[in-house]
Amino acid sequence: MNTQDPGSTRASSSEHETVMAERRGRRLSLNCRLFFFGENDFEGEATVLDLSTNGCQATSLTQVRVGMVLRLSLFLDDQKWPLRIDEAQVRWVNGEKFGLELTGIRPAQRERVRAIIMKAKL
């Protein structure tokens, strides 16, 4: 049971661990730069720790909140220009780490992510 107040920006640690355990097998560990942009000129830089076709885990000194909707520029090693993601939602926050769900990603961009993950697993 989550005993946090309704305005809390963090999932309980047991909820976070359950979500992470469910996703662990489909994710690629990596270390790449991420720029994110939100409403009212909100922006920040992060390091992506892992990536899947549906989301990523990142760490940043810029504080984000659960529910924030962001635009992303993800700098992957496969090409010189960043992968642009039109919409990602912050799903959990734990200290400087947070999880993003890629809710607005174009098919070509999702395929680029899928190709990177598949290449790494070979």
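The values are calculated or read from the model by the stated rules, or taken from the named source; none is laboratory data. Here the structure is a predicted model, which means the values were calculated and not measured. Every residue, glycine as well, gets a Cβ built from its backbone with ideal geometry; the counts of neighbours run over all protein chains shown.
Residues considered: 99, 55, 104. Of these, the only one that is farther than 16 Å from residue 29 by Cβ and of a type in the set (Gly, Ala, Ser) is 104.
Results for (1) modelled with pLDDT of 95 or more; (2) under 17 Å from residue 110 (Cα atoms), shown as yes or no for each residue.
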| residue | (1), (2) |
| --- | --- |
| 70 | yes, yes |
| 81 | no, yes |
| 88 | yes, yes |
| 92 | yes, no |
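Any residue at all in the stretch 72-82 that is more than 20 Å from residue 118 (Cβ to Cβ) and among the acidic types (Asp, Glu)? No, the stretch 72-82 has no match at all. Apart from one condition, residue 92 fits all of (1) over 11 Å from the mean Cα position of the chain (by Cα); (2) in contact (Cβ under 8 Å) with a residue 40 or more places away in the chain; the exception is (1).
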